[in-house]
1. What's the magnitude of the charge dipole for region 269-357 around its Cα centre, counting Lys and Arg as +1 and Asp and Glu as -1 at the beta-carbon? Answer in Debye, nearest 20.
2. Applying the Karplus parametrisation 6.51 cos²θ - 1.76 cosθ + 1.60 with θ = phi - 60° to the phi angles of region 291-308, what ³J(HN,Hα) value in whole Hz is obtained for each residue in order, glycine and proline being reported as x?
3. For the chain, report the accessible area per residue in Å² (1.4 Å probe, heavy atoms, rounded to an integer).
4. Can you check what the net charge comes to around ALA309, using other residues whose Cβ is under 11 Å from the Cβ of ALA309 (Lys, Arg +1; Asp, Glu -1)?
5. ASN198 to ASP112: extension gain in nm, 0.36 nm per residue of separation minus the Cα-Cα distance?
6. Distance between the C-alpha centers of region 117-153 and region 217-262? Whole Å please.
7. Run the simple label-point estimate for ASP55 and SER166 please: 7 Å along Cα→C-beta, distance reported in nm.
8. Around TYR139, which amide H atoms from residues at least 5 apart in sequence, or from another chain, sit under 5 Å from its own amide H, with H modelled in the peptide plane?
Amino acid sequence: MKTYSPKFRPNRRSLLGGAATLAGMSFLPRGTMAAEERKLNFYNWDTYIGETTLDDFNAATGIEVKMDLFADNDELFAKLREGNPGYDLIVPTNDYVERMLVAGMLLPLDHDKIPNMSNLGANFRDASYDPGLKHSIPYMWGTIGVGYNAKRTGDITKSWKHLYDSDQFAGKISLLGDGPNVLGHAMKYLGNSLNSTNVADIKAAEELLIAQKRNIKVFADDNGQDLLVSGEVVIAQEWNGDILQVMAEDDDLSFYVPDEGGLIWQDCLCMPKGAPHPENAHAFINFILDADAGAAIADYIQYATPNEAARAKLGSEYNENPAIFPPDETVAKCEFQLYLGEEHVKNVNDAWTRVQAA
């Protein structure tokens, strides 16, 4: 998943009242206070954390967090596949959790050291990609959909057609720079599963994109929402939280999940094999699952939290926002992206290479 550019971050109310609120609370596993040096190496998506979370954790535990950033799951996977360079905690999306499990890249978690797991909602206490949450803890979830400037597009149907199969907004369209997602949503638009392994379905999506390229301004790695705000595009395929953030800055912007459905994703907290500070990683996971800390993160980054205790601390503006929590009928049309083996990964990547080269 991706999140918003920090220059568009709104000034939000403080839920914690600063680090002092949490400084007196213990988030270190019992009996491990002196077991490790008080450091944590965190590999995360850009700005995908609360404004003061790292400082609050440091104040509460004395553990200093160094956070490095990755651009997408492929970068994360490639970096860790060659051997862990020293990270204690990473944030892969659900299909990459499964891919990393198959590759033996993740360490098991000790649930006894994460008592705040009890704050997770009932729907998030198990996962098909990681039964029993033995190697992952849900962090945030959301959708991919369409952000648009309603003033410039006028009334439009809730469809992928405007991005994938129309010249109505020629030269003013942005798609994600992520091949599996772009091709997957093309398959969804064509009436197939975004997880289809049928070579013919992948080829049809590839051909649709090649035909549409003349109308697409850019495949945007991390700035589709920025292009909407600047007016360089009027419609963009984006992560819901990215668009929601810039909607707070511009009343002309809006968001929908297309009627054809789309991707529903879940990002997770995992410990990679070779993590040098596993006790500190457990402590940080437990801290994030705290009700106050979790609420501050969710309120700040505006993604859907699986933390029910955190949701209870947030108001209707957050909990009843359909761009954060889509209606059940919309969710029913969406799919998780699955890890379907290396042959499928190669087929999709090869198709994406051809789209980029066309």
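1. 300 debye
2. Once rounded to whole Hz, the list reads 4, 5, 5, x, 5, 5, 5, 4, 5, 7, 8, 6, 10, 6, 8, x, 8, 5.
3. 40 Å²
4. -1
5. Difference between extended and current length: 26.7 nm.
6. What the calculation gives is 19 Å, centre to centre.
7. With each label placed 7 Å out from Cα toward Cβ, I get 4.5 nm.
8. ASP267, CYS268, LEU269
The values are calculated or read from the model by the stated rules, or taken from the named source; none is laboratory data. The structure presented is a predicted model; accordingly, all values stated were derived computationally and were not measured. All Cβ positions, glycine included, derive from the backbone under ideal geometry; neighbour counts span all protein chains shown. Note: accessible area is taken over every heavy atom of the protein model, side chains too, but ligands, DNA and RNA are not part of it. Shrake-Rupley method; radii C 1.70, N 1.55, O 1.52, S 1.80 Å.
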